[in-house]
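Q: The structure that follows is given in the form of structure tokens.
The values are calculated or read from the model by the stated rules, or taken from the named source; none is laboratory data. Keep in mind that this is a model prediction, so the values were computed, not measured. Note that each Cβ is placed from the backbone with ideal geometry, even for glycine, and that neighbours are counted across all protein chains shown.
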Amino acid sequence: MLDWLPENISLEGKEVDFFFYISYYLTNVAFILVAVTMVAFLIIYRQKPGKKAKYSHGNNTLEIIWTVVPTVILLVFVLMTQASWARLKYTPPSNPDVRVEVIGKQFNWVVVYPGPDKKFGTADDLKLDNQLNVPVNKQVLITLKGEDVIHSFFIPAVRLKQDILPGKEIPFWFTPIKTGKYEMPCAELCGVGHSGMNGELVVHTEESYRKWLKTAWSKKEEKS
């Protein structure tokens, strides 16, 4: 709907966009109403020759209305987003299609895939720098870790961002619905090399993903 936003390519991003548009248009309506009222007041109550200023004690009814109406709108918006936010940020999937670890450190992303034993932290893990490869239409669960300072793992195209705190394991998940290559920057100032901490999300077709896995493991075995 808004051309200046990056394209959404995730199932979860549709919900995020829905609530973004609600807040975007509500705040724009509020801004326009306030701006028009200010301009109208400047014209209506401008200084006029021979007319003295008159003090106004206000209008209690209007004050109650412009306090109650925004409060009700805010409460309704919070209640609408509560269930979605809990599902998107606080209820990680128990049986995702792909599991990956992403470790943030100054100044790159270390992407870890488990080996044949399906366990992380073992000798058969596949480690890549700054590239996350996933299949389309499959749910991806990422465990975020940090080695040094606070980083922020951000994939604008999937509409999700999560701070990474050293010493903590934080889940992050999404379901890509379109193939392609997308930006994966750090969104938290993390040192002098922060601007260069930018990875890439590659969303494959299922066939392409299987070929990529085969090639990646072959290269790992050759190095071993």
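Q: Going by the structure shown, is residue 70 assigned by TED's automatic domain parsing to the domain that holds residue 139, surrounded by 11 or more Cβ atoms within 10 Å (Cβ to Cβ) and not aromatic (Phe, Trp, Tyr)?
A: Working: assigned by TED's automatic domain parsing to the domain that holds residue 139: no; surrounded by 11 or more Cβ atoms within 10 Å (Cβ to Cβ): yes; not aromatic (Phe, Trp, Tyr): yes.
Here the answer is no, as residue 70 does not meet what is asked.
Q: Continuing with the same structure: Out of region 76-86, which residues are surrounded by 12 or more Cβ atoms within 10 Å (Cβ to Cβ) and either assigned to a strand (DSSP E or B) or not polar (S, T, N, Q) (or both)? Spell out the reasoning first.
A: Filtering region 76-86 down to residues surrounded by 12 or more Cβ atoms within 10 Å (Cβ to Cβ) leaves 77, 80-81, 84-85.
Result: 77, 80, 85.
Q: Here's something else I'd like to know. Residue 63 - would you say it is surrounded by 10 or more Cβ atoms within 10 Å (Cβ to Cβ) and under 17 Å from residue 156 (Cβ atoms)?
A: On the way: surrounded by 10 or more Cβ atoms within 10 Å (Cβ to Cβ): yes; under 17 Å from residue 156 (Cβ atoms): no.
No; evaluated as a whole, the condition is false for this residue.
Q: Just to be sure I understand, how many residues within region 90-114 are surrounded by 15 or more Cβ atoms within 10 Å (Cβ to Cβ) and not in a strand (DSSP E or B)?
A: Here the count works out to 4.
Q: Let me ask something additional. Within the bounds of region 212-224, is there any residue that is of a type outside the set (Val, Ile, Thr) and under 23 Å from the mean Cα position of the chain (by Cα)?
A: Scanning region 212-224, I find no residue that is of a type outside the set (Val, Ile, Thr) and under 23 Å from the mean Cα position of the chain (by Cα), so the answer is no.
Q: Would you mind finding the one in 74, 126 that is modelled with pLDDT under 95, of a type in the set (A, V, I, L, M, F, W, C) and in contact with a strand residue (DSSP E or B) (Cβ under 9 Å, 6 or more places away or on another chain)?
A: Details: 74 fails: in contact with a strand residue (DSSP E or B) (Cβ under 9 Å, 6 or more places away or on another chain).
Only one candidate passes the filter, namely 126.
Q: Next question, about the same structure. Going through 65, 73 one at a time, which residue ends up being over 30 Å from residue 171 (Cα atoms), touching a helix residue (DSSP H, G or I) at 6+ places or on another chain (Cβ under 9 Å) and in a helix (DSSP H, G or I)?
A: 73
Q: Considering only residues that are assigned to a loop (DSSP other than H, G, I, E, B) and either touching a Cys at 6+ places or on another chain (Cβ under 9 Å) or without any contact (Cβ under 8 Å) to a residue 12 or more places away in the chain (or both), which ones fall in region 131-156?
A: Within region 131-156, 148, 149, 150 meet the criteria.
Q: Which ones in region 120-142 are among the basic types (Lys, Arg) and either outside the structural domain of residue 203 (by TED's automatic domain parsing) or within 19 Å of the chain's Cα centre (by Cα) (or both)?
A: Of everything in region 120-142, just one residue is among the basic types (Lys, Arg) and either outside the structural domain of residue 203 (by TED's automatic domain parsing) or within 19 Å of the chain's Cα centre (by Cα) (or both), namely 138.
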